[in-house]
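Some notes on the structure that comes next.
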Amino acid sequence: MLTLGRGVVTGLGKHPSPAAELPQDRLTGTGVRIDPARVAAYARVCGYAPGPELPLTYPHILGFPLAARLMAARAFPLPLLGLVHTSIRITAHAPLTAADRPDLAVSATGLRPHRRGTEVTLLTEARVSGDLVWQDHSTYLARHRVPAPTREDAGGPPEPAAELPVVARWPLPAGLGRRHARVSGDYNPIHLYALTARPFGFPRAIVHGMWTVARCAAEHPGAAGITADFRRPVLLPSTVEYAAAGPRFELRSGPHVHVTGTVA
């Protein structure tokens, strides 16, 4: 919460642009302690079954305080408040348990234009005894006015893929964003209440992108990796459909596709 408050102050006057200079800071945490009770609470919120290994997405939560500090810095070119998670790619090279004390490192690897603003990629790595055991590439979007795309920029429509069968339906309560904030530390106001989401262009609170990918990953115990694109915000409350076949999955509501991805 203190970091978020700092981000509110440092974000004043920032003008996001893909041409901005990105600081080369690399924030680290050595021998990070893992609280088994917090892991268990996170697993319950995200639908993971209890077990000795950390949920596939949990190291992202461990690294989030470092990522938030990086994005709250005055030198960071995008305002922390209102950033939207747009994609993630996680690879687990070895299992982690609550008994491990991983060394974490977070850095920003690039800015690029997006049809709704500017995106940045954050790299989070976890190492044990010097060996890379877990890695996460996440992109975040700062929404702002951009020039209309040219014909060359717009590209053609994506090739349609075979529709995946629905295997589960999940009702999402209005307070899910607040529940996930308590176990993840991500108190971005777009996830908490309709009143705090509206200034950022959302009619109601939206669920964390990390909750959606974690909930989908929980359907694949033993997965060693996951990629996901967050295509459309999930408003709270709502009911979503989880559709999957083989390594592919989607999260949908009616005609809208919210998340697409694959597991490894």
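Is it the case that the stretch 229-238 has a residue that's among the hydrophobic types (A, V, I, L, M, F, W, C), farther than 19 Å from Arg143 by Cα and in contact with a strand residue (DSSP E or B) (Cβ under 9 Å, 6 or more places away or on another chain)?
First, the residues of the stretch 229-238 that are among the hydrophobic types (A, V, I, L, M, F, W, C): 230, 234-236.
Next cut, farther than 19 Å from Arg143 by Cα only: 236.
From what's left, in contact with a strand residue (DSSP E or B) (Cβ under 9 Å, 6 or more places away or on another chain): 236.
Yes, the stretch 229-238 contains a residue that is among the hydrophobic types (A, V, I, L, M, F, W, C), farther than 19 Å from Arg143 by Cα and in contact with a strand residue (DSSP E or B) (Cβ under 9 Å, 6 or more places away or on another chain).
Kindly indicate whether Ala68 is among the small types (Gly, Ala, Ser) and either without any contact (Cβ under 8 Å) to a residue 60 or more places away in the chain or more than 25 Å from Phe230 (Cβ to Cβ) (or both). No, not satisfied. Tallying residues that are aliphatic (A, V, I, L, M), modelled with pLDDT under 95, in a helix (DSSP H, G or I) and in contact with a Pro (Cβ under 8 Å, 6 or more places away or on another chain) within the stretch 1-51 yields 0.
Given the options Ala148, Ala205, name the one that is farther than 25 Å from Thr109 by Cβ and at pLDDT below 90. Show your work before the answer.
Working: Ala205 fails: at pLDDT below 90.
Step by step, each of Ala148, Ala205 is checked, and only Ala148 is farther than 25 Å from Thr109 by Cβ and at pLDDT below 90.
Kindly indicate whether any position in the stretch 221-229 is hydrophobic (A, V, I, L, M, F, W, C), in contact with a Ser or Thr (Cβ under 6 Å, 6 or more places away or on another chain) and surrounded by 19 or more Cβ atoms within 10 Å (Cβ to Cβ). For the stretch 221-229, residues hydrophobic (A, V, I, L, M, F, W, C), in contact with a Ser or Thr (Cβ under 6 Å, 6 or more places away or on another chain) and surrounded by 19 or more Cβ atoms within 10 Å (Cβ to Cβ): absent.
Name the pairs: first residue in the stretch 177-192 and on the phi > 0 side of the Ramachandran plot, second residue part of a helix (DSSP H, G or I) and at pLDDT 95 or above, Cβ to Cβ under 9 Å, at least 6 apart or on different chains? Qualifying pairs under 9 Å: Gly185/Ile61. Restricting attention to the stretch 163-198, the residues that are surrounded by 18 or more Cβ atoms within 10 Å (Cβ to Cβ) and assigned to a helix (DSSP H, G or I) add up to 10.
Collect the residues in the stretch 216-239 that are among the β-branched types (Val, Ile, Thr) and closer than 14 Å to Arg252 by Cα, keeping them in residue-number order. Write out each step before concluding.
First, the residues of the stretch 216-239 that are among the β-branched types (Val, Ile, Thr): 226-227, 234, 239.
If the condition is that a residue be among the β-branched types (Val, Ile, Thr) and closer than 14 Å to Arg252 by Cα, then Val234, Thr239 are the ones that fit.
As a summary of the residue check, Thr227 satisfies the conditions (1) outside any loop (DSSP other than H, G, I, E, B); (2) over 14 Å from the mean Cα position of the chain (by Cα) except for the one numbered (2).
The values are calculated or read from the model by the stated rules, or taken from the named source; none is laboratory data. Source: prediction; values computed, not measured. Using ideal geometry, Cβ is built from the backbone for each residue, glycine included, and neighbour counts are taken over all protein chains shown.
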